[in-house]
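Novice: Sharing a structure, written as structure tokens. Questions coming.
What follows draws every value from the coordinates through simple rules; no lab data is involved. None of the values given here were measured: they were computed from a predicted structure. Note that we place each Cβ from the backbone using ideal geometry, even for glycine, and neighbour counts take in every protein chain shown.
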Amino acid sequence: MDPRSETFQADTGSKRITAAERRKKVFLGELPDDFLRIAAPSHLLSGNHPQSAAPAHAVDPSSIAHHNFIQSQHAFYSFVPPNTRGRLSITLVEAKLVKNYSLVRMDPYCRIHIGNYVLETSTDASGGKTPKWNRIINTYLPHGVESFYLQIFDEKAFTVDECIAWSHIVLPNGIFNGEIIDDWYQLSGQQGEGKEGIINIIISFTPINKPETPSNMTSKAQYQGDKIQKKQQQQQGEVLYTEEDSKELHAMFPSVEIDVIKCILEEKRGNKNAAVSAILEITAQQ
């Protein structure tokens, strides 16, 4: 055999052995933590940089919701409308009703009229005669408003929600001295004045120090708002009220004559929520 051939085979064998050993070395041991990962810049890895890179984590949806809640609270407390006396916190805890007005089940929820604001709680499904809401309602208290009007409705799936109880609640004087009032209030309804049950409400008040807007600017803004609202109502067509609507409001406000209630309903084009707010303003001035 040619010596050169033997030398070539020996060299080839040594190369094959070397390649096999290299393969073993490549696959030996565990992969490092940064394997197939983009390396961070050196200045971020050094401890001298004032802002070190933060590790990436999965975003928790609950944290996003909490952040949005904080932002909404900040927006609520950062803007104060004109003619505002302070911030009112109303907690609707629970109610004890004397009668279930539904054949199958009763799903009660609360609606509050305070000034020009109309606020509602969530519905307590199958709450029946003992609904529980534990809902905190934050709103602004305008100057001159000393009470609010509360209604309890039975939510219906296929018909109009039925008002089963109501109460005209005067704000306790203690809240304006920094007290938190936790009390039960009587409810009226078909059973009679103050005979429909009771509701547990917690009320607190936080005054604000903000210069009032000049009266001419307020009147101008109110006039423009009323003009726009009237135009929208005219575009939607005339809304008529029924005799039952006037009787229902008269039952809620027995001290107000029914003719006055009819005039208010006619002025508000049958909008009962707007009529209730107007009647509350009238009763507050008496």
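Novice: Filter segment 107-138 down to the residues that are assigned to a strand (DSSP E or B) and among the hydroxyl-bearing types (Ser, Thr, Tyr), then identify the one that is nearest to Thr206 (Cα to Cα).
Specialist: So, considering only residues that are assigned to a strand (DSSP E or B) and among the hydroxyl-bearing types (Ser, Thr, Tyr), the one nearest to Thr206 (Cα to Cα) is Tyr117.
Novice: Look through Val145, Val93, Val104 and report the one residue that is out of contact with any Ser or Thr (no Cβ under 9 Å at 6 or more places or on another chain) and in a strand (DSSP E or B).
Specialist: Val93
Novice: Do you know which residues across segment 94-120 are in contact with a Leu (Cβ under 9 Å, 6 or more places away or on another chain) and among the hydrophobic types (A, V, I, L, M, F, W, C)?
Specialist: Selection gives Ala95, Leu97, Val98, Met106, Cys110, Ile112, Ile114.
Novice: Would you say Asn173 is out of contact with any strand residue (DSSP E or B) (no Cβ under 8 Å at 6 or more places or on another chain), within 16 Å of Ser204 (Cβ to Cβ) and surrounded by fewer than 18 Cβ atoms within 10 Å (Cβ to Cβ)?
Specialist: Answer is yes for this residue.
Novice: Which count do you get for residues in segment 191-208 that are farther than 24 Å from Gly174 by Cα, in contact (Cβ under 8 Å) with a residue 24 or more places away in the chain and surrounded by fewer than 20 Cβ atoms within 10 Å (Cβ to Cβ)?
Specialist: Selection size over segment 191-208: 3.
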